[in-house]
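Enquirer: Just passing along the structure, written as structure tokens.
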Protein chains: 2
Amino acid sequence: MGVEVLDTELTEQRLNQLTQALGSGMFVHVRNMLHDMAPSDVALILESSPPRSRQVLWQLIDQEQAGEILEELGEDLKDALISNMTPERLAQATAGMDTDDLAYILRSLPDTVYHQVLQSMTSQDRHRVEQALSYPDDTAGSLMNTDTVTLRPDVNIDVVLRYLRQRGHLPDATDMLYVVDRRDQVLGGVRLSDLLTCNPSMSVRDVMDIELESIPVDMPANEVAQLFERHDWMSAPIVDSDAKLLGRITIDDVVDVIRENAEHDMMGMAGMDDAEDTFGPVVKSTFKRSLWLTINLFAALLAASVSNMFENTLEQFATIAILMTIVPSMGGVAGNQTLALVIRGIALGHIGQSNSRWLIGKELAIGCLNGVMWAVLVFAAVWLWKGEIALAGLIGGAMLINMTVAGLAGAGIPLILKKFNIDPALAGGMVLTTVTDVIGLFAFLGLATAFLM
Amino acid sequence: MGVEVLDTELTEQRLNQLTQALGSGMFVHVRNMLHDMAPSDVALILESSPPRSRQVLWQLIDQEQAGEILEELGEDLKDALISNMTPERLAQATAGMDTDDLAYILRSLPDTVYHQVLQSMTSQDRHRVEQALSYPDDTAGSLMNTDTVTLRPDVNIDVVLRYLRQRGHLPDATDMLYVVDRRDQVLGGVRLSDLLTCNPSMSVRDVMDIELESIPVDMPANEVAQLFERHDWMSAPIVDSDAKLLGRITIDDVVDVIRENAEHDMMGMAGMDDAEDTFGPVVKSTFKRSLWLTINLFAALLAASVSNMFENTLEQFATIAILMTIVPSMGGVAGNQTLALVIRGIALGHIGQSNSRWLIGKELAIGCLNGVMWAVLVFAAVWLWKGEIALAGLIGGAMLINMTVAGLAGAGIPLILKKFNIDPALAGGMVLTTVTDVIGLFAFLGLATAFLM
């Protein structure tokens with residue numbers, strides 16, 4: 001008999017069983033099922049449940065598991081559950097939490113509850129948390145745990161081994177012990193695997209890796225994630241401005257940053273807040289999404305006011321009105337392709353001052369090539385459909401102009417937004433489609449007015 | 001003197017220095033700079049360089065580093081560099097590679113080169129690689145390394161410690177040794193940290209974690225990634241259908257899967273191939289992107305043919321033509337918000353049979369609410385602008401219809417596509433905007449024709 005082999009259908013099955021048990025009011029059965037699950041699995045079930053089932057499930061879970069489950073949830077859902085908890089229950093739930101998760105939860109609490117939770121902690125925990133809260137969100141400091149085990153360079157490995165056996169336990173996800181001098185500056189690190197395989201008569205200095213790189217506590221979280229990805233790190237030491245060791249970041253927290261940043265870009269490009277809960281309440285979701293739709297209404301009215309300038313032309317030629325959506329549509333798609341490429345490049349740290357000009361040039365060239373190609377195709381399509389060669393020529397000309405603009409705007413807009421510290425994933429798409437809609441309509445209706453009127 | 005503290009501007013600076021040195025033909029200097037960098041940093045520089053600099057840089061790197069650098073590159077760029085290498089150089093570069101990376105490279109080679117590279121390997125390496133190649137891409141097997149260290153349950157820890165010291169080295173990213181029985185079935189795992197802190201007179205059986213979960217070798221890679229994320233694993237054992245240990249997957253390979261899947265969704269929604277190289281050649285990029293634009297041209301012509309059905313209405317009322325882009329535009333944005341939410345939910349494993357009907361209902365409700373809200377607003381805007389209450393009422397009615405359809409389609413389309421095993425991130429956006437464009441135009445022009453003509 002071996003360990004459990006995971007079945008890909010397991011979660012789906014459990015979710016179905018739970019939903020059925022909930023539906024038929026078998027609450028004791030549900031409580032037992034939840035009790036036997038890992039906190040991360042309970043979190044998944046909560047994330048996947050509609051609001052009403054969630055409330056019931058949340059009442060049925062073990063009080064002792066509440067903290068660990070909260071750690072695993074998305075922001076919107078976590079905030080919703082926290083806001084309904086009493087300060088006592090919160091203090092109980094947060095008792096064993098990692099510093100970084102606890103700091104997140106405290107940050108989101110109203111002032112009075114915050115102080116109540118803080119009061120109920122041991123003074124040591126309170127000190128740790130207050131330190132964690134002093135680092136800004138989205139920096140290395142906010143991802144840091146302070147439970148590092150440190151060594152001195154001149155100790156022998158057999159002394160280290162005896163010390164560890166006495167200590168009896170290492171913090172979760174420890175792959176390396178850091179070596180520091182008297183002033184707490186990091187000299188290197190000793191991997192657990194090297195402790196196990198080296199000759200115990202050697203000293204820490206002989207075994208330690210001095211090529212270790214430390215991360216400054218104020219480095220932005222997304223740069224920390226890029227470094228972990230690039231170097232395949234499991235953990236990294238965090239230092240202050242005097243190179244003194246403050247704590248460590250582990251890969252499991254970095255994975256969350258990578259996932260959140262990627263979600264942020266994907267959701268942001270579609271005009272969504274990445275904290276939005278998939279199974280959240282209808283009215284709240286509607287209002288969260290309305291900012292984007294408001295901006296889009298203005299953009300659509302702007303495009304309509306461009307058409308309005310050519311009212312005479314539209315009055316005389318209904319065919320122009322019929323065809324006028326094609327050029328903006330193609331420009332929008334081509335521009336969005338470039339935009340997605342540039343936003344990914346920024347996220348991966350591939351785009352900087354030295355190559356952004358080259359990149360804009362390249363996308364402009366693709367835009368021109370696209371322009372020629374699609375001008376010819378749309379010319380042919382319209383000529384075949386409407387039989388008017390002049391009209392076909394006009395739409396082809398507008399296509400050439402708009403596709404070129406789309407290439408330039410798709411690369412230029414995110415780079416300009418980034419310069420002004422505006423998130424290109426959030427604002428880029430809306431600015432871009434406004435440009436391609438306005439230029440597309442202006443080019444087609446303007447050419448039509450000039451040549452047909 | 002401590003270890004190097006990373007500076008966030010470092011890569012940017014180095015890239016600038018390299019570009020300058022390349023520009024002034026200081027090739028020996030460049031070669032020395034490259035020699036001193038970690039392979040992952042050289043990979044970043046290659047990814048961030050225009051094609052011409054890349055060719056020169058690639059010539060200047062250490063032959064010995066070539067393999068490690070290739071491992072770190074994106075697919076498009078990796079393929080381009082590999083296709084220009086001689087079989088001898090390839091065999092040399094791939095000598096020390098991880099099995100999973102080597103399998104990737106071999107998969108992408110033409111048959112003749114493939115056999116030449118395979119011939120030049122030691123028979124042990126060849127066996128490992130041939131096994132890795134037998135697992136389909138995008139499954140646990142393709143991410144697996146076979147360099148696992150196993151223990152027997154009845155051995156004492158001090159024997160294990162002696163064995164490890166004799167062995168002298170553990171594979172990279174080893175955080176746990178697996179315990180297997182005679183038939184190689186996994187019984188549990190012993191963490192390195194527990195080996196260091198436990199009493200050496202205990203047996204492996206006393207120390208091992210039996211709650212360990214194994215992953216079947218044919219589990220899809222994205223499900224493996226979900227499990228790692230959810231359980232904060234550093235590594236996991238991979239087993240065959242008889243629960244026999246085949247190898248292990250480590251978090252660094254999973255991070256790549258998470259990143260690639262997230263990129264795939266983000267780029268896919270914008271109609272881009274996620275393998276596309278940011279600084280790749282113009283003509284190749286143009287053709288790669290043209291499939292999406294072709295489909296969009298058909299969608300735009302379909303929308304135009306809807307307008308064409310209402311040619312008479314458009315002939316009589318130029319104002320209708322001016323306003324007709326507003327409703328499709330708002331429907332497209334609202335639908336895309338829902339689409340992004342559902343695609344993320346699918347990626348995170350939150351959406352299954354038990355809750356998809358509820359989700360469609362929720363998004364339909366948001367669509368209705370949106371419809372009422374934006375109908376009122378666009379009614380007010382158009383009434384103020386054009387002063388025609390009938391026209392304002394018509395566009396409001398069309399908005400109500402299209403926003404409701406957008407909510408339904410935004411949730412329904414990705415779920416239906418998923419049922420038919422079509423990637424919703426790739427096809428969803430195009431199908432959705434076609435629906436919202438066609439319905440939006442049809443509703444507005446149809447209502448206008450019915451009430452004004």
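Enquirer: Quick one: net charge around A:Gly412, please, counting Lys, Arg +1 and Asp, Glu -1 for every other residue with C-beta under 15 Å from its C-beta.
Expert: +3
Enquirer: Amide H to amide H, which residues 5 or more places from A:Leu151 or on other chains are under 5 Å from it, using H placed in the peptide plane?
Expert: A:Tyr178, A:Val179, A:Val180
Enquirer: How much solvent-accessible surface does B:Arg128 expose, in Å² to the nearest 10, with a 1.4 Å probe and all protein chains in place?
Expert: 70
Enquirer: Taking only protein heavy atoms into account and a 1.4 Å probe, give the accessible area per residue of region B:282-452 in Å².
Expert: Value returned for region B:282-452: 37 Å² of accessible area per residue.
Enquirer: If you look at just the Cα atoms of the protein assembly as shown, how large are its Rg and its Dmax in Å?
Expert: Considering the protein assembly as shown through its Cα atoms, Rg and Dmax are 30.0, 97 Å.
Enquirer: In addition: How long is region B:150-250 along each principal axis, judged by its Cα atoms, biggest number first, in Å?
Expert: For region B:150-250, the Cα extents along the three principal axes come out at 40, 26, 24 Å.
Enquirer: Can you tell me the equivalent ellipsoid semi-axes for chain B? Use √(5λ) from the Cα gyration tensor, largest first, whole Å.
Expert: Those come to 54, 31, 20 Å.
Enquirer: Less than 26 Å apart at the alpha-carbon level, and either on another chain or at least 8 residues along: which lysines does that give for A:Lys78?
Expert: A:Lys284, A:Lys288, B:Lys362
Enquirer: Looking only at other chains, what is the average number of their beta-carbon atoms within 10 angstrom of each beta-carbon in A:286-295?
Expert: Going residue by residue through A:286-295 and averaging, the value is 4.
Enquirer: Quick one: P(r) of region B:364-453 from all Cα-Cα pairs, 5 Å bins, percents rounded to integers, in order of increasing distance.
Expert: Calculated over all Cα pairs of region B:364-453, the distribution is 3, 16, 19, 20, 16, 11, 7, 5, 2, 1 percent.
Enquirer: Tabulate in residue order the Karplus-calculated ³J(HN,Hα) for region A:114-129, using 6.51 cos²θ - 1.76 cosθ + 1.60 with θ = phi - 60°, rounded to whole Hz; enter x for Gly and Pro.
Expert: These are the phi-based 3J(HN,Hα) values: 3, 5, 4, 5, 4, 4, 7, 8, 5, 5, 5, 4, 4, 4, 4, 5 Hz.
Enquirer: Let me ask something else. With the contact rule set at Cα under 8 Å and sequence spacing of 6 or more, what percent relative contact order holds for region A:282-452?
Expert: Relative contact order here is 35 percent.
Enquirer: Considering the dipole of chain A built from charges on the beta carbon (Lys and Arg +1, Asp and Glu -1) around the Cα centre, which of A:Thr338, A:Gly268, A:Gly25 is farthest to its positive end?
Expert: A:Thr338
Enquirer: Under unit Cβ charges (Lys, Arg +1; Asp, Glu -1), what dipole magnitude, rounded to 20 debye, does region A:281-431 have relative to its Cα centre?
Expert: In debye, rounded to 20, region A:281-431 gives about 660.
Enquirer: Which one, A:Val129, A:Cys198, A:Val160, projects farthest toward the positive side of the charge dipole computed for region A:90-244 from Cβ point charges (K/R +1, D/E -1)?
Expert: Value: A:Val160.
Enquirer: Here is a further query. Return the carbon/sulfur percentage of the accessible area of the protein assembly as shown, one whole number, probe 1.4 Å, all protein chains in place.
Expert: Carbon and sulfur: 55 percent of the exposed surface of the protein assembly as shown.
Enquirer: How large is the charge dipole for chain A, taken about the Cα centre, if only the Cβ atoms of Lys, Arg (+1) and Asp, Glu (-1) carry charge, to the nearest 20 debye?
Expert: My answer is approximately 1140 debye.
Enquirer: R0 = 45 Å: FRET efficiency of B:Arg126 with A:Gln124, Cβ-based, nearest 0.05?
Expert: Given R0 = 45 Å and the Cβ-Cβ separation, E is 0.20.
Enquirer: Less than 16 Å apart at the alpha-carbon level, and either on another chain or at least 8 residues along: which lysines does that give for A:Lys386?
Expert: In chain and number order, there are no partners.
Enquirer: How much length, in nm to one decimal, is gained on full extension between A:Gln59 and A:Ser108, taken as 0.36 nm per residue of separation minus their Cα-Cα distance?
Expert: Full-extension gain reported as 15.5 nm.
Enquirer: A follow-up question, please. Separation between the B:Gln353 and B:Gln116 pseudo-spin-labels, each 7 Å from Cα along Cα→Cβ, expressed in nm?
Expert: 5.3
Enquirer: Report the rotationally averaged projected area of region B:322-382 based on its alpha-carbon convex hull, in square nanometres.
Expert: For the Cα atoms of region B:322-382, the hull's average projected area reads 4.6 nm².
Enquirer: Quick one: Cα centre-to-centre distance for region B:67-132 and region A:195-257, in angstrom?
Expert: Between the Cα centre of region B:67-132 and that of region A:195-257, the gap is 31 Å.
Enquirer: Now a separate question. Can you work out the Karplus-derived ³J(HN,Hα) for every residue in region A:52-61? Use 6.51 cos²θ - 1.76 cosθ + 1.60 with θ = phi - 60°, whole Hz, and x for glycine or proline.
Expert: 5, 4, 4, 4, 5, 4, 4, 5, 8, 6
Enquirer: Using per-residue counts of other Cβ atoms within 10 Å, averaged over each peptide, order A:132-144, B:429-441, A:383-395, A:323-335 from highest down.
Expert: Ranked by mean Cβ neighbours within 10 Å, highest first: A:323-335, B:429-441, A:132-144, A:383-395.
Enquirer: Next up: Return the equivalent ellipsoid semi-axes of region B:25-137 as a descending list in whole Å, where each equals the square root of 5 times an eigenvalue of the C-alpha gyration tensor.
Expert: Here the semi-axes work out to 26, 14, 13 Å.
Enquirer: If you place +1 on the Cβ of every Lys and Arg, -1 on the Cβ of every Asp and Glu, and leave all else neutral, what size is the dipole of the protein assembly as shown about its Cα centre, to the nearest 20 Debye?
Expert: Charge dipole, the protein assembly as shown, about its Cα centre: 1980 debye, nearest 20.
Enquirer: A:Val239's amide H: which non-local residues (gap 5+, or another chain) put their own amide H closer than 5 Å, with H modeled 1.01 Å from N in plane and none for Pro or chain starts?
Expert: Counting only residues 5 or more places away or on other chains, the set is A:Ile215, A:Val217, A:Leu246.
Enquirer: Assuming a ≥ b ≥ c are the square roots of the Cα gyration tensor eigenvalues, decide whether region B:282-452 counts as rounded (a/c under 1.5), prolate (otherwise, with a/b larger than b/c) or oblate.
Expert: In terms of gyration-tensor shape, oblate.
Enquirer: Got the A:Ala390 label distances to the other copies yet, label 7 Å along Cα→Cβ, in nm, shortest first?
Expert: Ordered by increasing distance: 3.3 nm.
Enquirer: Follow-up. If you stretched the chain out fully between B:Asp240 and B:Ser201, how much longer would it get, using 0.36 nm times the residue separation minus the C-alpha to C-alpha distance?
Expert: 10.7 nm
Enquirer: Could you tell me the relative contact order of chain B? Use alpha-carbon pairs under 8 Å, at least six residues apart, and round to a whole percent.
Expert: 12
Enquirer: Scattering from the C-alpha atoms of region A:239-321 alone, worked out with Debye: what is log10 I(q)/I(0) at q = 0.15, 0.16, 0.24, 0.25 1/Å?
Expert: -0.80, -0.84, -1.12, -1.16
Enquirer: Once amide H atoms are built 1.01 Å from N in the peptide plane, which residues 5 or more positions from A:Thr139, or in another chain, come under 5 Å H to H?
Expert: Amide H neighbours of A:Thr139, under 5 Å, 5+ apart: A:Ala221.
Enquirer: May I pose another question? Using the Karplus equation 6.51 cos²θ - 1.76 cosθ + 1.60 (θ = phi - 60°), what ³J(HN,Hα) coupling, rounded to whole Hz, does each residue of region B:324-339 give in order, writing x for Gly and Pro?
Expert: Along region B:324-339, the couplings run 5, 7, 5, 5, x, 4, 5, x, x, 5, 4, x, 5, 4, 4, 4 Hz.
The values are calculated or read from the model by the stated rules, or taken from the named source; none is laboratory data. All values reported here derive from a predicted model rather than from experimental measurement. A quick note on method: Cβ atoms are made from the backbone with ideal geometry, for glycine too, and the neighbour counts reach across all protein chains shown. For accessibility, only protein heavy atoms count, side chains too; no ligands or nucleic acids. Shrake-Rupley method; radii C 1.70, N 1.55, O 1.52, S 1.80 Å.
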